[in-house]
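Structure first, commentary second.
Values in this text are rule-based calculations from the coordinates and carry no lab data. Since the structure is predicted, the reported quantities are computational estimates derived from the model, not experimental observations. As a convention, Cβ positions derive from the backbone with ideal geometry for all residues, glycine included, and neighbour counts pool all protein chains shown.
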Amino acid sequence: MTNRTISIPTAAPVSSFRCIACGVIRDNVSHDFRCTDCGDLLEIFYPAWHSEQMATNAPGFKALWQQRKTSRRAIDESGVWRFRELLPALRDWDQAITLREGNTPLYNLPACARIAGVKQLYAKHQGMNPTGSFKDTGMTVAASFALQEGFRWVACASTGNTSASMAAYAARSAMRSLVVIPEGKVSWAKLSQALDYGALTCELRTDFDGCMRVLNEVVKQWPVCLLNSVNPYRIEGQKTGAIELLEQFDGQVPDHIIVPGGNLGNCSALGKALLELLDLGLITRTPKVSVIQAEGANTLLRSVREHGGKKLIPMQAQTAATAIRIGSPASWKKAVRVLQATGGTVEQASEIEIAQSKAEIGTDGIGCEPASAVTLAGLKKLVKQEFVKQDDIVVLILTGHLLKDPEFTLKFHRGDLFKGTEYEQQAAALRLHQRARVTLEPTADAVVKALEQAEKSTPPN
Ligand code: F0G
């Protein structure tokens, strides 16, 4: 790479908070990151972006971001802070708490492309982040600002990944962390991360939405910084997933980005990034951002189909994809705005479809956690509906690593994932996708026989 000199903006980007509903602008926020006038969510915006200076600097950003890849400075090695021109400014960039998050791979998925019926299918694997999920990209920013503001405690309610990520970033910076999770509904892999990183971990006898309600009370009584995705700094960090993705496409813009929907922070963040890049003239069109939910946690889908995206009715969520088992998603209005602004849509996946799609992604040698697999399940439907065309370039956002929920995977291959549930009969159709373990005598003969047997059977893809 040539070592060109690039003009680096000298003034730190100035940002403010703006209410997404009433539009009021503030420089400070309250403990729950909600508008003190109307109670809705806040977003970060950058008034100076329409200035002449930004118009002059923006064209140089792409080259600047590339150049930083050769730097050994911690914030340049981070796949989040590398894009800091589009993030709120820390007083001292070198105080950022970073685990070198981001920098996640873009894989092609040939087997899944054939299954879904598209020619070009990719996975942006956010499960390859330091704690195994996309949450790290937002957490590095939100935790850094919590530290800058002098907080000693950070907290979140979580279905598991946010808590794992928050606990890690808090541990890196000597802040203490409080994790509030639904008892028995968080995979033990995620739970073990929070414990190892030293979080005070409280299991409550309720669901994620109940945990969120309790935590909202706690933040009024204890000086703790809330690090759920209502915290707009989280959204800013998570934007970088989309910026990095476009960089990996080398200027080409994919037609579709398909993302799982839970609390709906991630789709909001990716959409915000794309719209900002468009605004800054760094792209000329945006991909369509579509959200896929689990059928048992499909509030956004029902809001869009039944109420034109104007109202959201909370539900009692139920799905084995525990990461997205959320019945009252905080960022639903932001998500609706992204669907409308990018021309995306919302679909749902049944429990059986999620399990099958997860195994199919596995056959491409990638793997992901159940919540991420809704993307492939949804894509199959969007292709059938001709919303996605055969020639379109499609990117699935895989949000979590396969090892985040090994119990789901083992149960699936043992054939007892749906035992005793209403899906037991339908689950018979999954047999083709299940890989059985074989227990053998400890002899070479026995293993060779198993190989001969395997040679005769059809490979999974
Ligand atoms: N995929 C995974 C693996 C997740 O952990 C989550 C959310 C989502 C998708 C949905 O993203 O909430 O931004 O729409 N997990 C949160 C948590 C809720 O607590 O870990 P979203």
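Using +1 on the beta carbon of Lys and Arg, -1 on that of Asp and Glu, and nothing else charged, what's the dipole of the chain about the Cα centre, debye to 20? The partial results should precede the final answer.
Numbers: 52 positive and 47 negative charges, 59 e Å.
So the magnitude is around 280 debye.
Give, to the nearest whole percent, the P(r) tail of the range 89-148 beyond 17 angstrom, counting all Cα pairs.
On the way: 939 of 1770 pairs.
Above the 17 Å cut-off, the range 89-148 has 53 percent of its Cα pairs.
Order by neighbour count: C38, C156, C225, fewest other Cβ atoms within 10 Å first, most last.
Details: C38 12, C156 31, C225 26.
Fewest-to-most ranking of C38, C156, C225: C38, C225, C156.
Kirkwood hydrodynamic radius, the range 172-309, all distinct C-alpha pairs: what's the number in Å?
17.5
Whole Å is fine, so just give me how far the alpha carbon centre of the range 106-179 lies from that of the range 313-327.
Taking the Cα centre of the range 313-327 as reference, the centre of the range 106-179 is 19 Å away.
Under 8 Å for C-alpha pairs, at least 6 residues apart: give me the relative contact order for the chain, rounded to a whole percent. Can you show the working numbers first?
Working: 911 pairs, mean separation 69.6, N = 461.
Result for the chain is 15 percent.
Averaging the inverse of every distinct alpha carbon separation and then flipping it gives the Kirkwood radius. What is it for the range 279-351, in angstrom units? Write out the running numbers ahead of the final one.
Details: mean 1/r = 0.0772 Å⁻¹.
Across the range 279-351, the inverse of the average 1/r is 13.0 Å.
Over 20 Å intervals from 0, what percent of Cα-Cα pairs in the chain sits in each interval?
It works out to 25, 57, 16, 1, in whole percents.
What's the Kirkwood radius of the range 26-65 in Å, using all Cα pairs? Write down the numbers at each step before the final one.
Details: mean 1/r = 0.0787 Å⁻¹.
For the range 26-65, inverting the mean 1/r across all distinct Cα pairs yields 12.7 Å.
Hey, could you pull the Cα Rg and Dmax for the range 369-458, both in Å?
Radius of gyration, then largest Cα-Cα span, for the range 369-458: 17.9, 54 Å.
With a cut-off of 11 Å, note down the residues of the range 346-386 whose backbone N falls inside the zone around a label point 7 Å from the Cα of S457 toward its beta carbon.
none
Sort R234, R285 by Cβ crowding within 10 Å, fewest neighbours at the top. Before the final figure, lay out the partial values.
Numbers: R234 31, R285 11.
Listed from fewest to most nearby Cβ atoms, that is R285, R234.
Contour minus end-to-end for E422 and H307, with contour as 0.36 nm per residue of separation and end-to-end as the Cα-Cα distance?
Numbers: separation 115, 0.36 × 115 = 41.40 nm, distance 2.90 nm.
Extending this stretch completely gives an extra 38.5 nm.
Counting only helical runs of four or more DSSP H residues, what would the 222 nm mean residue ellipticity of the chain come to if each run contributes -39,500 (n - 2.57) and the total is spread over all its residues?
-11000 deg cm²/dmol
When averaged across all projection directions, what area in nm² does the alpha-carbon convex hull of the range 311-385 cover? Before the final figure, lay out the partial values.
On the way: hull surface 23.4 nm².
In nm², the orientation-averaged hull projection of the range 311-385 is 5.8.
With only alpha-carbon atoms in the gyration tensor, what are the semi-axes of the equivalent ellipsoid for the range 124-199, in Å, largest first?
Details: eigenvalues 71, 46, 19 Å².
Ellipsoid half-lengths, sorted descending, are 19, 15, 10 Å.
Return W332, W188, W93 ranked ascending by Cβ neighbour count within 10 Å, so the fewest neighbours appear first. Present the calculation step by step, with values, prior to reporting the outcome.
Numbers: W332 22, W188 12, W93 16.
Listed from fewest to most nearby Cβ atoms, that is W188, W93, W332.
Would you list the P(r) distribution for the range 32-191, with all Cα-Cα distances sorted into 10 Å bins from 0 and each bin expressed as a whole %?
Reading the bins upward from 0: 9, 28, 33, 23, 7, 0.
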